[in-house]
1. Please give the residues of the stretch 156-193, grouped as numeric ranges, whose backbone N is less than 13 Å from a label point set 7 Å along the Cα-to-Cβ vector of Ala249.
2. For the stretch 227-270, what does the alpha-carbon gyration tensor say about shape, rounded, prolate or oblate, given a ≥ b ≥ c as the root eigenvalues, a/c under 1.5 as rounded, and a/b over b/c as prolate?
3. Could you order Met17, Met187, Met54 by accessible surface area, starting with the largest, using a probe radius of 1.4 Å?
4. Cut-off 20 Å, label point 7 angstrom out along Cα-to-Cβ of Val175: give me the residues of the stretch 244-271 whose amide nitrogen falls inside.
5. Given the protein chains as shown and a 1.4 Å probe, how many square angstrom of Tyr237 are accessible, to the nearest 10?
Amino acid sequence: MVGPGAEESSMNHLFPMLTAVAYLLCFGLYVRFLGTGNKLTGRLGTLLLGLALMAHYFALLERSPGLHTVPYHDLYGSMSLFGWLLAVTYLGLELYHRQRSVGVFVLPFVLVFFVAAHLAPADRLPPPAIHGRVFAFHVTLSILAYAAFGLAFVLSLIFLGEERLLRSHKLGDVVWRLPPLELLDQMSRSSVLVGLISIAIGTALGFVSVDRLPGQNSFYDPKYVVTLVVLVLYALYFRLARTTAWRGARASKLCVFNFVIVVLSFTVVNLYLSHSHRYF
């Protein structure tokens, strides 16, 4: 006879298992679509990605009641939320630009973050000093910005790889099914635009949240300085990527460099330099 504890534990693992299976099947469909060009396979991949996002959302939602906030407080929550927002951003770009060929390159990153989140050690951190909807939006928008910049990073790598194959005249069937270089450039700029808007609003909400703390002044946290640097670098990329001199490979290399700074902000700055940021 199964006890209530075992039944609850089984339910807690239901949505994560469904999410992992859906992402894996979606990845398989995108691989087949890139290899065959079958439109029905691509549409099924998009549909399954939408279902995977729903399952992933409920997996995240299951953790919220215990945390009394969005699931960002620990390493598990931030990594899982990053993977979900990465997939959401990609799906939005896929539908907007009507291009599924890059899904096969994005899904592995989503899977890595989702699986790594479940392998992350449990944290015993005290709850953050700031609560409320404003702070929740600050965190969510900040991680959305990281996810959008991460997607632009992947698209830039695809651009550089495809350009090298074209220059070396290694033109297989798969290369012809990849998006044109100009479209990859446009998709990268679209993703960066999402990131710029998100990080600008998210940072502003962060200042509002800190201002509400009685007797504390955290406006000089190193995280804010690095965030402003990231904002300037991506604004510079967005400006230069539309010029004749920088359009294409040079802009893509700048986008790759910018994401290195984002990774440093998300890791070194958060863990060792910032006093008020842990995993966001």
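1. So the set is 159-169.
2. On the way: a/c = 5.40, a/b = 2.14, b/c = 2.53.
Since a/c reaches 1.5 but b/c is at least a/b, the shape of the stretch 227-270 is classed as oblate.
3. Values: Met17 130, Met187 0, Met54 105 Å².
Ranking Met17, Met187, Met54 by accessible area, largest first, yields Met17, Met54, Met187.
4. In the stretch 244-271, the label zone of Val175 (backbone N under 20 Å from the point 7 Å along Cα→Cβ) covers 248-250, 252-253.
5. Rounded to the nearest 10, the figure is 0 Å².
The values are calculated or read from the model by the stated rules, or taken from the named source; none is laboratory data. Just so it is clear, the structure is predicted and the values come from calculations on it, not from any experiment. Glycine gets a Cβ as well: all are built from the backbone with ideal geometry, and neighbour counts include every protein chain shown. Keep in mind that these areas ignore ligands, DNA and RNA; they rest on the heavy atoms of the full protein, side chains included. Shrake-Rupley method; radii C 1.70, N 1.55, O 1.52, S 1.80 Å.
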